[in-house]
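> Structure in structure tokens, see below.
The values are calculated or read from the model by the stated rules, or taken from the named source; none is laboratory data. Because the structure is a prediction, the values reported are computed rather than measured. In this analysis, Cβ positions are derived from the backbone assuming ideal geometry, glycine residues included, and neighbour counts consider all displayed protein chains.
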Amino acid sequence: MTTTTIFTNAKLADGSLRNITVEHGRITAIETAASSTPPGAASPPSIDLSGDLLLPGFVEGHIHLDTSFYGGKWVPHRPCTNGFDVHERVAFQAENMAKAEPMAERARNQLDLCISKGTTQMRSHVMVDGSVGLKSLETILAVREEYQDMIDIQLVAFPQSGILKSPGTPELLDEAIGLGADLVGGLDPASFDRDVNGHLDVVFGVAEKHGVDIDIHLHDAGSMGAFTIEEICDRTVALGMQGHVAVSHAYGLGDLAPDAAKKIAARIARSSVSIMTNAPGNHNFPPVALLRREGVTVFSGSDNIRDSWWPYGDGDMLHRAEIIGYRSGFYTDVELAAAFDIVTAAGAKALRLEGYGIEVGAKADFVSLAAGHVPEAVIAFPTRHKVFKQGRLVAENGRVTR
Ligand SMILES: [Zn+2]
């Protein structure tokens, strides 16, 4: 079996036309497209990318593979009775899940969607709590194995029903890591469990015991959200976990006055805590440009795709970059490139991915598409021509190949 392939006429983000040699799933050479195999030399198989823009596979940094209805029947959104309420949404979700198609089927639908759009790396939260135990995780672990040649997936043990409010959850989070979850999650320590220290004791305790990273859902607004982030930063530094902790949503950062936001951003940067935003709907969301200026790693994800939380989401990380840019008022090429960075290199940094990017030594995870350059890729919803995972074609023209 041949293990070397040359991808010819790839236009890189800097505008140069290159031939990329891939051996055993890794990039081993990047040469000008003019350079060719010497006459007489045996030439390995090649794939002509015809001048398409070639970008690294996108990083879907926050999704829920267990709770989407994507690909199944349409489930109309049910509004909260008195404004957004996490408890009520969790209850609606439990009712919907009881009637939904098999979880593995729904997870595969979502994975096919994401891969077809060019995602090659993913972090998914999976419910682990007193209501579902470890059942969802077991299902998603099996699906991850099915897809291991198509996409790399990190799984977060996510206590959707709280930790202290849902009996048995601390033990289940511990068991979840033993079972194969890669990270431990959390959920609104103040407003959900009403005990910031008690909640974080469990999350950081499990992380410390197993040596795993942390990714906490934090919807809490204003100063309550900011206070919780400060507590997370302090614990991160105290345990030497800089670079290993993420806060997802962090809506509260979007409620702060610029001075206060700048101050806490510097603290987040010092703690190397990453912030995930999907620039959602009518919520305030973190000030992306300010955070990046202060040195915070900001990454992104689809979060919910057609689930009990909202009807939106298409698994397209370029579209997500566009939403972030649009809502952040990004207009210049530099700003659009920042939106792109959030769904690629910054995501790879937050997820601590090994071998990411289009460079010698990196995994050959890339997507070829119909755009002239990165800013156009962000705003134009370009057709994804081909998606490659470790040099192997996994999707073409919007469909996964099997
Ligand atoms: Zn989420």
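> Say whether the condition of being in a helix (DSSP H, G or I), within 16 Å of the ligand (Cβ to nearest atom), at pLDDT 95 or above and under 28 Å from V400 (Cβ atoms) is met by at least one residue in region 287-305. I'd like the intermediate steps shown before the answer.
Taking region 287-305 and keeping what is in a helix (DSSP H, G or I), we get 288-293.
Checking the rest, the ones that are also within 16 Å of the ligand (Cβ to nearest atom) come to none.
No; the residues of region 287-305 include none that is in a helix (DSSP H, G or I), within 16 Å of the ligand (Cβ to nearest atom), at pLDDT 95 or above and under 28 Å from V400 (Cβ atoms).
> Could you identify the single residue in G313, G357, G361, G372 that is in contact with a strand residue (DSSP E or B) (Cβ under 9 Å, 6 or more places away or on another chain), in contact (Cβ under 8 Å) with a residue 40 or more places away in the chain, within 16 Å of the ligand (Cβ to nearest atom) and among the small types (G, A, S)?
On the way: G357 fails: within 16 Å of the ligand (Cβ to nearest atom); G361 fails: within 16 Å of the ligand (Cβ to nearest atom); G372 fails: within 16 Å of the ligand (Cβ to nearest atom).
Just a single option satisfies the conditions, and that option is G313.
> Could you tell me whether region 376-384 includes any residue that is surrounded by fewer than 23 Cβ atoms within 10 Å (Cβ to Cβ) and touching a His at 6+ places or on another chain (Cβ under 7 Å)?
Yes; the residues of region 376-384 include at least one that is surrounded by fewer than 23 Cβ atoms within 10 Å (Cβ to Cβ) and touching a His at 6+ places or on another chain (Cβ under 7 Å).
> Identify the single condition in (1) of a type in the set (S, T, N, Q); (2) on the phi > 0 side of the Ramachandran plot; (3) in the same structural domain as W309 (by TED's automatic domain parsing) that Q93 does not satisfy, given that it satisfies every other one.
(2)
> Those residues that are in contact with a Phe, Trp or Tyr (Cβ under 8 Å, 6 or more places away or on another chain), of a type in the set (A, V, I, L, M, F, W, C) and within 16 Å of K117 (Cβ to Cβ), I need them from region 362-373; list them, please.
Residues satisfying the conditions are F366, V367.
> Could you tell me how many of the residues in region 331-373 are among the aromatic types (F, W, Y), closer than 30 Å to I214 by Cβ and either modelled with pLDDT under 95 or part of a loop (DSSP other than H, G, I, E, B) (or both)?
1
> Now for a different question. Being more than 23 Å from A257 (Cα to Cα), buried (at least 24 other Cβ atoms within 10 Å of the Cβ), away from the ligand (no atom under 16 Å from the Cβ) and not assigned by TED's automatic domain parsing to the domain that holds K363, is that true of even one residue in region 324-335?
Scanning region 324-335 turns up no residue that is more than 23 Å from A257 (Cα to Cα), buried (at least 24 other Cβ atoms within 10 Å of the Cβ), away from the ligand (no atom under 16 Å from the Cβ) and not assigned by TED's automatic domain parsing to the domain that holds K363.
> Still on this model: Restricting attention to region 361-372, does a residue exist that is farther than 30 Å from F92 by Cβ, outside the structural domain of G391 (by TED's automatic domain parsing) and of a type in the set (S, T, N, Q)? Let's see the steps before the verdict.
Within region 361-372, the first condition is being farther than 30 Å from F92 by Cβ, and the residues that meet it are 361-372.
Subset that is outside the structural domain of G391 (by TED's automatic domain parsing): none.
So far as region 361-372 goes, no, none of its residues is farther than 30 Å from F92 by Cβ, outside the structural domain of G391 (by TED's automatic domain parsing) and of a type in the set (S, T, N, Q).
Okay, residues lined up against (1) touching a Cys at 6+ places or on another chain (Cβ under 9 Å); (2) over 12 Å from V203 (Cα atoms):
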residue: T119; (1), (2): no, yes
residue: M122; (1), (2): yes, yes
residue: L134; (1), (2): no, yes
residue: R144; (1), (2): no, yes
residue: D149; (1), (2): no, yes
residue: F158; (1), (2): no, no
residue: G162; (1), (2): no, no
residue: K165; (1), (2): no, yes
residue: E175; (1), (2): no, yes
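> Looking at the structure I just gave you, is A348 buried (at least 16 other Cβ atoms within 10 Å of the Cβ), touching a residue at least 24 places away in the same chain (Cβ under 8 Å) and touching a Pro at 6+ places or on another chain (Cβ under 7 Å)? I'd like the intermediate steps shown before the answer.
Values: buried (at least 16 other Cβ atoms within 10 Å of the Cβ): yes; touching a residue at least 24 places away in the same chain (Cβ under 8 Å): yes; touching a Pro at 6+ places or on another chain (Cβ under 7 Å): no.
In short, no.
> I want to confirm something. Restricting to region 63-84 and keeping residues that are away from the ligand (no atom under 16 Å from the Cβ) and under 24 Å from T277 (Cβ atoms), which single residue is surrounded by the fewest Cβ atoms within 10 Å (Cβ to Cβ)? Step through it out loud before you land on a result.
Taking region 63-84 and keeping what is away from the ligand (no atom under 16 Å from the Cβ), we get 71-83.
When the remaining residues are screened for being under 24 Å from T277 (Cβ atoms), the result is 77, 79-80, 83.
On the way: H77: 13, P79: 10, C80: 12, G83: 7.
Among those that are away from the ligand (no atom under 16 Å from the Cβ) and under 24 Å from T277 (Cβ atoms), it is G83.
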